[in-house]
1. Give, as residue ranges, the strands (runs of 3 or more DSSP E) completely inside region 360-418 that count at least 1 residues that are away from ligand 2 (no atom under 16 Å from the Cβ) and more than 24 Å from the chain's Cα centre (by Cα).
2. Return yes when residue 306 is closer than 24 Å to residue 427 by Cα and modelled with pLDDT of 95 or more and no when it is not.
3. I'm trying to understand the selection: among the residues of region 455-466, which are in a strand (DSSP E or B) and either assigned by TED's automatic domain parsing to the domain that holds residue 383 or more than 11 Å from ligand 1 (Cβ to nearest atom) (or both)?
4. Determine, yes or no, whether residue 394 is within 16 Å of ligand 1 (Cβ to nearest atom), out of contact with any helix residue (DSSP H, G or I) (no Cβ under 6 Å at 6 or more places or on another chain) and without any contact (Cβ under 8 Å) to a residue 40 or more places away in the chain.
5. Could you please find all residues in region 320-340 being in a helix (DSSP H, G or I) and either more than 27 Å from residue 557 (Cα to Cα) or at pLDDT 95 or above (or both)?
6. Any residue that is within 16 Å of ligand 1 (Cβ to nearest atom), crowded, with 22+ Cβ neighbours inside 10 Å and not in a loop (DSSP other than H, G, I, E, B) - is there at least one of those in region 421-441?
7. Would you mind listing the strands (runs of 3 or more DSSP E) fully within region 191-263 where at least 2 residues are buried (at least 23 other Cβ atoms within 10 Å of the Cβ) and within 16 Å of ligand 1 (Cβ to nearest atom)?
8. Here are some conditions: (1) within 23 Å of the chain's Cα centre (by Cα); (2) away from ligand 2 (no atom under 16 Å from the Cβ); (3) farther than 20 Å from residue 388 by Cα. Residue 425 meets all but one. Which one does it not meet?
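The values are calculated or read from the model by the stated rules, or taken from the named source; none is laboratory data. On a predicted model such as this, the values are computed, not experimentally measured, just so you know. Note that each Cβ is placed from the backbone with ideal geometry, even for glycine, and that neighbours are counted across all protein chains shown.
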Ligand code: ATP
Ligand code: MG
């Protein structure tokens, strides 16, 4: 599949909302982005108002906001007006239960409509929405509910009975459990309330509270890729960023049918699976089912999805299935295919061109940043392997820490250093839950330090190198696993690969690759030798792996990120640390 490919994919600028990157950047300031929203007077803003309530009064009232595909086949739609009604009803359910603004309302459900009503109603009530991933086991759920001091939990009757009912005593601060039956004959378990009945009987609250933009709105736990997950607190003012990135990066507008495949249990599934698209007035497709290549292509084709936001792990799974299946479907409506969560190998960008007729647009951000910070934009040239350029309004830099504890901005191009962001973008996290010291340590002067290494090229494009923790020091070279993984991904036998530094007396560390093979390929010494040679020819002997180990699959987080720290601890026989977000296969 490899071969010689140009470094840049030229894109003919269409009439995207960004227009010319340099011109948009030069003309941009956050007060303009604020003016894209309606606001609630005197600088007040509420996420639920911007996402749904304002549309329900305008010409979007009858537009479909959510089109939900149930696992079992039915399709249910909610217009903006209907979604607004459910939002205001849930808000008054909270008020009637005596839930105070500021209290944490957690969800533990799959992608079902009630999750969206809860998120928006919680925000309209000025409570704090905390989505949890429903596939977590009991312990990680209890730990998060305890750490977040959750007052309300919305879940399904089955999840409750299976995972939490036996541990109820450990959650004394949890005042109310609201359950949604998964099947019509499911009973409402003792000690819980019937979500649907409460909503049916509720009046609609008067409207959103005119909220101070600094009011906490969201509590998101990080993915736990590098250690125990941290709780990041976000405020209502973040919606300025959600909306601006929805427009400028995803190019969302009221003509769009949009599909974000991320689970709302993660920050992407909330920022870009609920808030940003609704503020832009799109019709959102929601699929309750898990990944299935055929089903996904069918949804993209039949729904005429125009903007699709997904992740490298999903793209790798589609690549594994192959180009022909994609080509069987009419994907001509797709205008933007974007990816986030992990570095996107150049191979995947090229695959998008081949299979879907357009490159995947990679973008970079973190739970802490609350919204997309560095991106490839529709209508702007793509350099495969690069995560693109900073959002207009965001100042990103490569910095070096100095001996006196400060940071120095690296101005020369192509030098590796830590990716830093100038404080001041609206969706910056305002705290780590119960960990002020850790929060303070993220900042030096007015820079937020991301913990990721990157470089900036002479054209201003950023290239991800590695997480600071994952960087490999081998015989005096600093090697980012991503570079090595990307080279191996170009080999036709490779489906997935994770690279670590294995301690070595002479070199300090040697590069070791764990490889999962595509269907039709079997591990053998010959294939290992072939892979080593293949990598050496692309990377040179200093960077290429010295060892290959075949594995059936790589350890990933539930959101699909490769957990290199687990490859490392398993290699060294060390304790595995926090594995609460590890994907487990039953
Ligand atoms: P934890 O902080 O708990 O270890 P995490 O960092 O994976 O987990 P997230 O906030 O979900 O939690 O992920 C953000 C990180 O994901 C980034 O710091 C970066 O390392 C990686 N990432 C996200 N998008 C990209 C991208 N486009 N290219 C490279 N890396 C990315
Ligand atoms: Mg992180």
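1. 396-401, 407-409
2. On the way: closer than 24 Å to residue 427 by Cα: no; modelled with pLDDT of 95 or more: yes.
Answer is no for this residue.
3. Within region 455-466, 455, 456 qualify.
4. Numbers: within 16 Å of ligand 1 (Cβ to nearest atom): yes; out of contact with any helix residue (DSSP H, G or I) (no Cβ under 6 Å at 6 or more places or on another chain): yes; without any contact (Cβ under 8 Å) to a residue 40 or more places away in the chain: yes.
So residue 394 fits the description; yes.
5. Within region 320-340, 323, 324, 325, 326, 327 qualify.
6. Yes, region 421-441 contains a residue that is within 16 Å of ligand 1 (Cβ to nearest atom), crowded, with 22+ Cβ neighbours inside 10 Å and not in a loop (DSSP other than H, G, I, E, B).
7. Those strands (runs of 3 or more DSSP E) span 216-221, 231-235.
8. The number of the failed condition is (3).
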